[in-house]
Amino acid sequence: MTDLMLDLFSLNNRFVAAGDRLIAGLGLTSARWQVLGTIVAAGRPQPVAWLARDLGAHRQNVQRIANDLAKEGLVAFKPNPHHRRAPLVVLTGKGKQAFDAAMRLQAPWINKLSEGLTAADIRTAHNVIIALHRKLEGDRGAEEQTRSLRGPRP
C-alpha cells in the first residue's frame, strides 16, 4: 500500500506538470483548470468552501485561485442568499470558453494516455481510488468528530 501511495503522489505531480504544459497557451495552470472544472461539475454556483471540499483542497488555496480567476474575468462572485459572507462563484462566458478550450486539448491527450489500457483495467484502478478516497474521507470525518467532542481549543 505504501508503494501505491508513493506512486500516486508521483503520478499526481506528473499529471499536474503535464496539465500545466498542455494548457499553458491558454493562460491557465492545472490548479486554475481544476477549479474551473469543479465549478462546471457542480452544475450550480457554489461558495469557495464547497468547491474546496469537492476538490479535496484547502479553502484558502481555492480562494486565492478564485480571486485570480476573477481578476482575469474567468469567474465572478455573486451574492449568496444563504450566507452573506460566502459569495457564490460563477463561471463567466470567458471562463466557459477557457474551460472548453482546455477540454478540447485534453481529449486527444487523454486518449493517447489510455492507449494500451483496457476499459476493465481503468475501471479497476478507478474503483481502488474511489475506495481509498472514501476511507480517507471517513478518517477526516472521524478527526472532525473527535475535535468537536474535545470542544473549543483554549
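From the list Lys71, Lys94, Lys78, exactly one residue is free of Cβ contacts under 8 Å to residues at least 60 places away in the same chain, among the charged types (D, E, K, R), touching a Pro at 6+ places or on another chain (Cβ under 9 Å) and outside the structural domain of Ile130 (by TED's automatic domain parsing). Which is it? Write out each step before concluding.
On the way: Lys71 fails: touching a Pro at 6+ places or on another chain (Cβ under 9 Å); Lys94 fails: touching a Pro at 6+ places or on another chain (Cβ under 9 Å).
Every option except Lys78 fails the conditions.
A quick yes/no check of all residues on (1) within 16 Å of the chain's Cα centre (by Cα); (2) outside any helix (DSSP H, G or I):
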residue	(1), (2)
Gly37	yes, no
Ala52	yes, no
Ala70	no, no
Phe77	no, yes
Asn80	no, yes
Ala101	no, no
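Residues of region 103-115 that are under 16 Å from the mean Cα position of the chain (by Cα) and in contact (Cβ under 8 Å) with a residue 24 or more places away in the chain: Gln106 alone.
Looking only at region 15-33, count every residue that is over 16 Å from Lys71 (Cα atoms) and aromatic (Phe, Trp, Tyr) and tell me the total. Full working, then the answer.
Going through region 15-33, the residues over 16 Å from Lys71 (Cα atoms) turn out to be 15-25, 30.
Filter again for aromatic (Phe, Trp, Tyr), leaving 15.
Summing the residues that are over 16 Å from Lys71 (Cα atoms) and aromatic (Phe, Trp, Tyr) in region 15-33 gives 1.
Does at least one position in region 117-129 carry a residue that is of a type in the set (Lys, Arg) and at pLDDT 95 or above? Checked against the condition, which is being of a type in the set (Lys, Arg) and at pLDDT 95 or above, region 117-129 yields at least one hit.
Scanning region 1-35 for residues that are part of a helix (DSSP H, G or I) and of a type in the set (Val, Ile, Thr) turns up Thr2, Val16, Ile23, Val35. With respect to the conditions (1) out of contact with any Leu (no Cβ under 7 Å at 6 or more places or on another chain); (2) farther than 16 Å from Leu36 by Cα; (3) surrounded by 12 or more Cβ atoms within 10 Å (Cβ to Cβ), Asp121 falls short on a single one, namely (3).
Each residue in region 33-50 was checked for being closer than 14 Å to Gln106 by Cβ and touching a residue at least 24 places away in the same chain (Cβ under 8 Å), and 4 of them qualify.
Per-residue answers, yes or no, for (1) buried (at least 17 other Cβ atoms within 10 Å of the Cβ); (2) at pLDDT 95 or above; (3) more than 20 Å from Ile129 (Cβ to Cβ):
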{"site": "Trp33", "(1), (2), (3)": "yes, yes, no"}
{"site": "Leu51", "(1), (2), (3)": "yes, yes, yes"}
{"site": "Asn67", "(1), (2), (3)": "no, yes, yes"}
{"site": "Val90", "(1), (2), (3)": "no, yes, yes"}
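The values are calculated or read from the model by the stated rules, or taken from the named source; none is laboratory data. None of the values given here were measured: they were computed from a predicted structure. Counting neighbours? That spans all protein chains shown, and the Cβs are built from the backbone with ideal geometry, glycine included.
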